[in-house]
């Protein structure tokens, strides 16, 4: 079975026409299994009131559908964010939006050359059927997005396999905590499985932990495969070109790293490096991308910029 997770952003009420509604919180999942192809759509339900659901949906995704049914301030912030979150993106244009308007909205950024198609549900379903997630080799890594208790089973964690193969009876660390848990059993789209591969969204029953100890952003991975530290060094900041704030050393920001979202102090920012300190330990790998958010800006995008993690900082 092939699998893909797609962020559907820009317009609400489209995902429900393409797949069946599933888990709902500040983001909403929509699922469809068809001809050995598993599709998960993620909609940032509480955006634009909160910016975090948008980053969460984009971070979960292998690919993105940007649906333009009208051009509004939230759509402008979505576009500005997508410029820096480098996921393969297809632009879907509704009948009320003209080609010239789209050209102006996307001018000068990577989305200007992104594939475009009209808002046509049958064509969108066909497109989604042909998409699959990237196969990533290496130690298994599963990022959790929801969790809940099940009577007679215990704690069940939901998440997407980012890399490697998750197997029943694996003993993995729940990063960034020091806790080791056993994967009791696995389901993929409500079907019992012995393993799950990259791109698949799993429900993993976990032994030796309670559901209230699980939270979004935690990562199941072999002990020693990730670093954990509150202070992180990053490379040069690729600043959002529409950001209107004035964040400098000492600013209070938020760091989005995979699905971890933590308050940080911007300790240092220079032409070649950035250093931040979180209020709690963060799990990371050198080379992954983090996003800095500034919730204090009075207008414009809340995304300050992106930078690549280089390692722990002292």
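Annotations
- Every residue from segment 8-28 that is touching a residue at least 24 places away in the same chain (Cβ under 8 Å) and part of a strand (DSSP E or B): 8, 9, 23
Yes or no, residue by residue, for (1) surrounded by 13 or more Cβ atoms within 10 Å (Cβ to Cβ); (2) more than 19 Å from residue 60 (Cβ to Cβ); (3) touching a strand residue (DSSP E or B) at 6+ places or on another chain (Cβ under 7 Å):
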site: 265; (1), (2), (3): yes, yes, yes
site: 272; (1), (2), (3): no, yes, no
site: 300; (1), (2), (3): yes, yes, no
site: 303; (1), (2), (3): yes, no, yes
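- Of the residues making up segment 39-62, those that are out of contact with any helix residue (DSSP H, G or I) (no Cβ under 9 Å at 6 or more places or on another chain) and under 22 Å from residue 126 (Cβ atoms) are 61, 62.
- Considering 45, 40, 5, 56, the condition of being assigned to a loop (DSSP other than H, G, I, E, B), under 15 Å from the mean Cα position of the chain (by Cα) and either in contact (Cβ under 8 Å) with a residue 24 or more places away in the chain or over 23 Å from residue 240 (Cα atoms) (or both) is satisfied by 45 alone.
- The residues in segment 178-221 that are under 21 Å from the mean Cα position of the chain (by Cα) and closer than 18 Å to residue 139 by Cα can be counted, and the count is 13.
- Single residue of segment 94-112 satisfying the filter (modelled with pLDDT under 95 and under 24 Å from the mean Cα position of the chain (by Cα)) that is surrounded by the most Cβ atoms within 10 Å (Cβ to Cβ): 109
- Candidates 196, 231, 248: the one that is over 24 Å from residue 86 (Cα atoms) and either assigned by TED's automatic domain parsing to the domain that holds residue 159 or touching a helix residue (DSSP H, G or I) at 6+ places or on another chain (Cβ under 6 Å) (or both) is 196.
The values are calculated or read from the model by the stated rules, or taken from the named source; none is laboratory data. All values derive from a computational prediction rather than experimental measurement. All Cβ positions, even for glycine, are placed from backbone atoms using ideal geometry, and neighbour counts span all protein chains on display.
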